[in-house]
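Encoded as structure tokens, the structure appears first; notes follow it.
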Amino acid sequence: MLSKNKILKFTQSIKDYKKRFLDKPLGDLDESGTRLLINHFLTEMLGYETLTEVKTEYMIKGTYADYMIQIKGKRHFLVEVKALSLNLTSNHLRQSINYGANEGIDYVLLTNGMSFELYKVLFEKPIAHELIFSFNLSDLSDIKSIVDQLQFLHKDSVMDKGLDTLWDRHLALSSKNLSKLLFSFEVVKFLQKELKKKHNIKFNEVSIENAVKNIVKESVVIDEFKPIKRRVSKKIDSPNNSKIPE
């Protein structure tokens, strides 16, 4: 991950990118024009060296991918660019995944300069893929979340195996993995304790497991939930003026 100072600089570069390219009437920009945006994105924002690390028109089995990000001979991810005037489609995705699969590349970034979608190529039979993140840089209302994910494409992160870290994070927070944790012994015991405290009823483990299964199967209205209250550690001044937690 990037350092705090680099995060601040990277965040500002995203804001500048939006102001410079996306806040202007460029809706009819074609693919060649959109590549100018992506050149800036890859070199000025993500820190890759032009020519040596950003390989353009990368040949793959008689056809060409738009960009290959390569550092010291190691290929890290493909970038497929579509015109800003186009919405990204399943056909664009299929083309991009095929490029990655044919070249043995694990990660593929599909973009039109505004929308960015990062995929993991799953080398199964048949070849599959999974979306890691997707966002639109014309809307920075949740810029912290965007930066938190996009930083893993930065050169500094990629050189430190950032893409694999991003994938591990994605797997850890996947519905499948979290569902398994919901049925763990520790969670069931916690629910038993909380239900007893709140309702003064002691439920057995089977009852709680069945209730959790219903949650997994049913649709839940997320807006009805209140945000998690985070505990803030209180601090006091010690005699020597240093901060000591209570």
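Laboratory data are not the source of any read-out in this text; all were calculated from the coordinates shown. Just so it is clear, the model here is predicted, and its values are computed rather than measured. In this analysis, Cβ positions are derived from the backbone assuming ideal geometry, glycine residues included, and neighbour counts consider all displayed protein chains.
Note on Phe183 and Thr56: the extension gain reaches 40.9 nm, defined as 0.36 nm multiplied by sequence separation minus the Cα-Cα distance.
Under the simplified labelling scheme, the Glu124-Leu173 pair shows an inter-label distance of 2.2 nm, with each label point 7 Å from Cα along Cα→Cβ. GNM on the chain, alpha-carbon springs under 10 angstrom: the most fluctuating residue among Ser134, Ser90, Ser32 is Ser90.
Given the DSSP H assignment, sum -39500 (n - 2.57) over each helix run of at least 4 residues in the chain and divide by its residue total; what's the result at 222 nm in deg cm²/dmol, nearest 500? Each step should come with its number before you reach the end.
On the way: 9 runs with 97 residues, N = 246.
After summing the helix terms and dividing by residue count, I get -12000 deg cm²/dmol.
The gain in end-to-end length when the Asp156 to Lys4 segment is fully stretched comes to 53.4 nm, 0.36 nm per residue minus the alpha carbon separation.
Which residues make up the longest stretch of the chain that has no trypsin sites (Lys or Arg not before Pro) in a DSSP loop with at most 14 other Cβ atoms within 10 Å? Could the numbers behind the result be given before it?
Values: sites that count: Lys61, Lys72, Lys161, Lys202, Lys229, Arg230, Arg231, Lys234.
The longest uninterrupted stretch comes out as 73-160.
By DSSP, what percent of the beta bridges with both residues in the chain are antiparallel, rounded to the nearest 5? Can you show the working numbers first?
On the way: 27 of 33 bridges.
Taking every DSSP beta bridge with both residues in the chain, the antiparallel ones total about 80 percent.
Here the calculated FRET efficiency for Ile71 and Asn136, from their Cβ-Cβ distance with R0 = 30 Å, stands at 0.60, rounded to the nearest 0.05.
Taking chymotrypsin sites (Phe, Trp or Tyr not before Pro) as candidate sites, keep only those in a DSSP loop with at most 14 other Cβ atoms within 10 Å, then name the longest stretch of the chain containing none of them. It works out to 1-122.
Fully extending the segment from Val212 to Ile143 would add 21.5 nm, taking 0.36 nm per residue of separation and subtracting the current Cα-Cα distance. Within the same chain, lysines fewer than 8 places from Lys18 are excluded, and of the rest, those with a Cα less than 27 Å from its Cα are Lys4, Lys6, Lys9, Lys55, Lys82, Lys120, Lys144, Lys155. Between Ile14, Ile201, Ile60, the GNM of the chain built on Cα springs shorter than 10 angstrom shows Ile201 fluctuating the most. Using a Gaussian network model of the chain in which every pair of alpha carbons under 10 angstrom is joined by a spring, one finds that among Ser207, Ser85, Ser13 the greatest mean-square fluctuation is at Ser207.
Counting other Cβ atoms within 10 Å, keep those with at most 14, restrict to DSSP loop, and tell me which GluC sites (Glu not before Pro) in segment 56-139 are left.
Values: sites: Glu57, Glu80, Glu103, Glu117, Glu124, Glu130; in loops: Glu124.
Those that pass, being in a loop and sparsely packed, are Glu124.
Restricting attention to segment 22-123, close to 75% of DSSP beta bridges with both partner residues there are antiparallel.
Distance between the 7 Å Cα→Cβ label points at Asn91 and Arg20: 3.2 nm.
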